[in-house]
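Okay, structure first, notes after.
The values are calculated or read from the model by the stated rules, or taken from the named source; none is laboratory data. All figures in this text were calculated on a predicted structure; none of them were measured in a lab. No Cβ is skipped: glycine too gets one built from the backbone with ideal geometry, and neighbour counts run over all protein chains shown. For the accessible areas, the whole protein counts, side chains as well, though only heavy atoms, and no ligand, DNA or RNA atoms are used. Shrake-Rupley method; radii C 1.70, N 1.55, O 1.52, S 1.80 Å.
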Amino acid sequence: MLLENKDIYNRYINIFNEKFGNAAFGESVMNEGCIVKKMTFEEFVVAFTELKKTEEFLRETMSRGNTLSDAVEAQYRELAAQVLEKPKDFKIL
């Protein structure tokens, strides 16, 4: 899992540098309407893990026929923006 996280992190760093230049770690930028910062590996793993857990929760919740509140959707989109991932559309499940 650590190797997989490093590969995902390296992809994140490459995308971050392409989109925002060679910013310093901790430097803030605007991504998808959210202020995000360039994260260290440790920070990224925490944020990415939270994103994946949230996606799993939303998938399970929406598959039961529940509705997605605007506040929860905004939180999810902010998490996705932090790790430079395209958010999934859980309203179409």
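So the values come out like this:
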read-out	value
Count of the range 60-90 residues which are under 27 Å from residue 20 (Cβ atoms), of a type in the set (Asp, Glu) and exposed (fewer than 15 other Cβ atoms within 10 Å of the Cβ)	1
Residue check, residue 57 open to solvent by 90 Å² or more (accessible area, probe 1.4 Å) and aromatic (Phe, Trp, Tyr)	yes
All positions within the range 10-19 that are open to solvent by less than 90 Å² (accessible area, probe 1.4 Å) and within 25 Å of residue 74 (Cβ to Cβ)	12, 15, 16
Of all residues making up the range 20-50, the number that are surrounded by fewer than 14 Cβ atoms within 10 Å (Cβ to Cβ), in contact with a strand residue (DSSP E or B) (Cβ under 7 Å, 6 or more places away or on another chain) and either of a type in the set (Phe, Trp, Tyr) or assigned to a helix (DSSP H, G or I) (or both)	0
Subset of the range 46-81 (residues that are among the polar types (S, T, N, Q), touching a residue at least 24 places away in the same chain (Cβ under 8 Å) and closer than 30 Å to residue 6 by Cβ)	54
